[in-house]
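Report on the structure given below.
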Amino acid sequence: MLAQNVAAEVRRAISRGEFSPGQKLNEVALAERFGVSRNTLREAFAMLTSEGLCERLPNRGVFLATPSPEFVTDTYRARAAIEPAALLWGEHLDIERLTLLNEEAREAIAQNDDDLVSAINQAFHHVVLSAMGSKTLGDTMDQLDAFLRLATLPIVQHQPTFHRQFIDVNEHLVELLLEERRQEASDYLQESLEDQGRMVNELIAKINNGEPI
């Protein structure tokens, strides 16, 4: 159980952008940070490696993964399956909270605080999924967040305002939900997430080829 908690904390740290794709994870520093033994930390690393978030290189240590185009596509497809379902069938959909998050996002944009915009966008989608009332899905979303943070970090480094465009999507979702058009909201979110997956892969390819984005 302790190793699972540590793995969850590492995922959250990745989601907050504390680590970069391909970065080596320092066992001593992380064991001290989480107050656990190195054996416990290694158990957590093994869990993260089995998920594809990390890779262990013999005689070198544990490194964060660099997501492949196939991995990005798969991750967005997973989100496009579970989040629209939450909009359509979730019994605990907190539209008031979603509305407040959109207001906070606009304030963050006005203040040019793009780190906060990214965090609020992430929180918005967690609130959407929480409508299902499922801890398992919540844990899955933490894992997907970590994958996508690794994938989009190079884009954000080139284009800091990258996440602002998604606030428009979130606002339209709330408009549909307030009008009790949940099926349309679900369909719109599914299409949006699939489009985002294609866009992220296209931008990463441009960066890797040295093209401007």
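The values are calculated or read from the model by the stated rules, or taken from the named source; none is laboratory data. Computed from a prediction, not measured in an experiment: that's the story for all the values here. No Cβ is skipped: glycine too gets one built from the backbone with ideal geometry, and neighbour counts run over all protein chains shown. Heads up: the accessible areas ignore ligands, DNA and RNA and are worked out on the full protein's heavy atoms, side chains in. Shrake-Rupley method; radii C 1.70, N 1.55, O 1.52, S 1.80 Å.
Checked against the criteria, GLN143 does not count as open to solvent by less than 70 Å² (accessible area, probe 1.4 Å), under 18 Å from the mean Cα position of the chain (by Cα) and at pLDDT 90 or above.
Each residue in the stretch 67-81 was checked for being among the hydrophobic types (A, V, I, L, M, F, W, C) and open to solvent by less than 20 Å² (accessible area, probe 1.4 Å), and 2 of them qualify. Within the stretch 1-33, the set of residues being more than 18 Å from the chain's Cα centre (by Cα), at pLDDT below 90 and small (Gly, Ala, Ser) comprises just one member, ALA3. If the condition is being of a type in the set (S, T, N, Q), modelled with pLDDT of 95 or more and either touching a Leu at 6+ places or on another chain (Cβ under 9 Å) or in a helix (DSSP H, G or I) (or both), then the stretch 92-126 contributes THR99, ASN102, ASN121.
The requirement of being touching a residue at least 12 places away in the same chain (Cβ under 8 Å), among the acidic types (Asp, Glu) and out of contact with any helix residue (DSSP H, G or I) (no Cβ under 8 Å at 6 or more places or on another chain) is fulfilled nowhere in the stretch 154-176; no residue meets it. Pairs meeting the criteria (first residue in the stretch 40-58 and more than 10 Å from ALA7 (Cβ to Cβ) and touching a residue at least 60 places away in the same chain (Cβ under 8 Å), second residue open to solvent by 10 Å² or more (accessible area, probe 1.4 Å) and assigned to a helix (DSSP H, G or I), beta carbons under 9 Å, at least 6 apart or on different chains) are GLY52/PHE71; GLY52/PHE147.
Evaluate the following for ASN170: is it within 29 Å of GLU107 (Cβ to Cβ) and open to solvent by less than 50 Å² (accessible area, probe 1.4 Å)? Lay out the reasoning, then the answer.
Details: within 29 Å of GLU107 (Cβ to Cβ): yes; open to solvent by less than 50 Å² (accessible area, probe 1.4 Å): yes.
Yes, satisfied.
Going through (1) of a type in the set (Val, Ile, Thr); (2) under 16 Å from the mean Cα position of the chain (by Cα); (3) under 14 Å from GLN4 (Cβ atoms) one by one, VAL36 falls short only on (2). Checking every residue in the stretch 188-210 against the condition of being basic (Lys, Arg) and under 18 Å from LEU129 (Cβ atoms) gives zero matches. Here GLU180 qualifies as open to solvent by 70 Å² or more (accessible area, probe 1.4 Å), out of contact with any strand residue (DSSP E or B) (no Cβ under 9 Å at 6 or more places or on another chain) and not in a helix (DSSP H, G or I). Which residue is least open to solvent (accessible area, probe 1.4 Å), if the candidates are limited to the stretch 114-140 and must be among the polar types (S, T, N, Q) and under 21 Å from LEU176 (Cα atoms)? If we take residues in the stretch 114-140 being among the polar types (S, T, N, Q) and under 21 Å from LEU176 (Cα atoms), then ASN121 is least open to solvent (accessible area, probe 1.4 Å). Out of GLN111, GLN157, which single residue is open to solvent by 70 Å² or more (accessible area, probe 1.4 Å) and either in contact with a Phe, Trp or Tyr (Cβ under 9 Å, 6 or more places away or on another chain) or within 22 Å of ARG198 (Cα to Cα) (or both)? Unique residue meeting the criteria: GLN157.
Report yes if SER192 is closer than 28 Å to LEU64 by Cβ and in contact with a His (Cβ under 7 Å, 6 or more places away or on another chain), otherwise no.
Details: closer than 28 Å to LEU64 by Cβ: yes; in contact with a His (Cβ under 7 Å, 6 or more places away or on another chain): no.
The answer is no for SER192.
Candidates in the stretch 194-213 are the residues that are of a type outside the set (A, V, I, L, M) and part of a loop (DSSP other than H, G, I, E, B); of these, the one that is surrounded by the most Cβ atoms within 10 Å (Cβ to Cβ) is GLU211.
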